[in-house]
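**Q** Would you mind keeping the following structure in view while I ask a few things?
Coordinate-derived values only; no laboratory data. These numbers come from a predicted model, not from an experiment. Cβ: placed from backbone, ideal geometry, glycine included. Neighbour counts: every protein chain shown.
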Amino acid sequence: EGVLPILINDSQKNCGTPLDTIPPCPPLLSITNGCDDAGDFVSGEDFENFLTWINPMNLCEETDDVVFYNVYYAPPNDIDNFQQISTGQTVLDTTLTHKSDLYGIAGCYAVTAVDTFFNESAFSNIVCIDNCPLYTLPNAFTPNGDGDNELFIPFPYRFIDRVEMNIFNVWGELIFTTTDPDINWDGKNLKGKDVADGVYYYNCKVFENRVTGVTQSADILNGFIEVIR
């Protein structure tokens, strides 16, 4: 009669590779930009944010396979709306320099880590950076036609959206007004006539580009301008 062979059904074996769906721990972000050490005549164009972060493999025992990072930025007028500004930063590349053409250095940043299975971590700590506005005015100019110092203009300024500048004569009559932060007063009154030599007075509200949007400075500038012809 003979013995029948043993038949083994292998159809239920799972030969696939286990799928890793656990994201890495987030990086730790810090930012510097030189605002705290800036001099009075440093232009806003000279500032940039220098982002640096710590690899979560150095922070978290559960994370051991980070392969790249993504960097996110939210602009001052919408600080909850993060947009990706850099992708695929390699695991050894933990720095980025950034500023916005529209908003200067103001805004919020976050970094994520991505592992070999393309699991993306939660955001790192969110770091929000503010601009460091500066706006100061001289007290004299010489609109006499010699080509030097012909316009009343501010000293070099930074991160200013607009101003509300009003200039008055000694009797309190308004003779010039502008919202242009460059001012560019040529010594003429509202009728286009040259004002006389002497002292004039101004008040100036300054509106700054801040991380929370355009904000009026708490300080209203008040002073005098001497017109010397």
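**Q** Once the cut-off is 23 Å, how many percent of the Cα-Cα pairs in the stretch 94-202 end up in the long-distance tail?
**A** Numbers: 3015 of 5886 pairs.
When every Cα pair of the stretch 94-202 is considered, 51 percent fall beyond 23 Å.
**Q** Pairs of lysines 8 or more apart, or on different chains, with alpha carbons under 29 Å: count those in the chain, would you?
**A** Count of close lysine pairs: 4.
**Q** Compare the peptides 68-80, 166-178, 90-102 by average per-residue count of other Cβ atoms within 10 angstrom and give them in order, highest first.
**A** Top to bottom by mean Cβ count within 10 Å: 68-80, 166-178, 90-102.
**Q** I'd like to know how the chain sits against the 2.2 N^0.38 Å rule of thumb: what's its Cα Rg over that expected value?
**A** 1.75
**Q** Identify which of ASP46, ASP64, ASP146 has the largest mean-square fluctuation in a Gaussian network model of the chain, with springs joining Cα atoms closer than 10 Å.
**A** ASP146
**Q** Cα extents of the stretch 28-129 along the three principal axes, largest first, in whole Å?
**A** So the three principal-axis extents are 48, 26, 19 Å.
**Q** Stretched out fully, how many nm does the piece from LEU92 to THR179 gain, at 0.36 nm a residue minus the Cα gap?
**A** Going from the current span to full extension adds 26.5 nm.
**Q** Relative to a virtual label point 7 Å from the Cα of ALA196 in the Cα→beta-carbon direction, which members of the stretch 166-182 show backbone nitrogen distances below 15 Å?
**A** Residues 169-173 qualify, since their backbone N sits under 15 Å from the label point.
**Q** Right, next: Specify the inter-centroid distance of the stretch 94-161 and the stretch 180-227, based on alpha-carbon positions, in whole Å.
**A** Value for the Cα centre distance between the two parts: 22 Å.
**Q** Another question about this same structure. Counting pairwise Cα distances across the stretch 144-229, what percent come out greater than 19 angstrom?
**A** Roughly 40 percent, rounded to a whole number.
**Q** Using the scaling law 2.2 N^0.38 Å as the reference, what is the normalised Cα Rg of the stretch 184-229? Before the final figure, lay out each step's value.
**A** Values: Rg = 14.7 Å, N = 46, 2.2 N^0.38 = 9.4 Å.
This ratio for the stretch 184-229 stands at 1.56.
**Q** If you plug each phi of the stretch 214-229 into the Karplus form 6.51 cos²θ - 1.76 cosθ + 1.60 with θ = phi - 60°, what whole-Hz ³J(HN,Hα) values come out, in order, with x for Gly and Pro?
**A** 6, 10, 6, 4, 5, 9, 8, 6, 9, x, 10, 10, 9, 8, 10, 9
**Q** Between GLU45 and VAL67, what length in nm is gained on full extension when 0.36 nm per residue of separation is reduced by their alpha carbon distance?
**A** Once the chain is fully extended between GLU45 and VAL67, it gains 4.6 nm.
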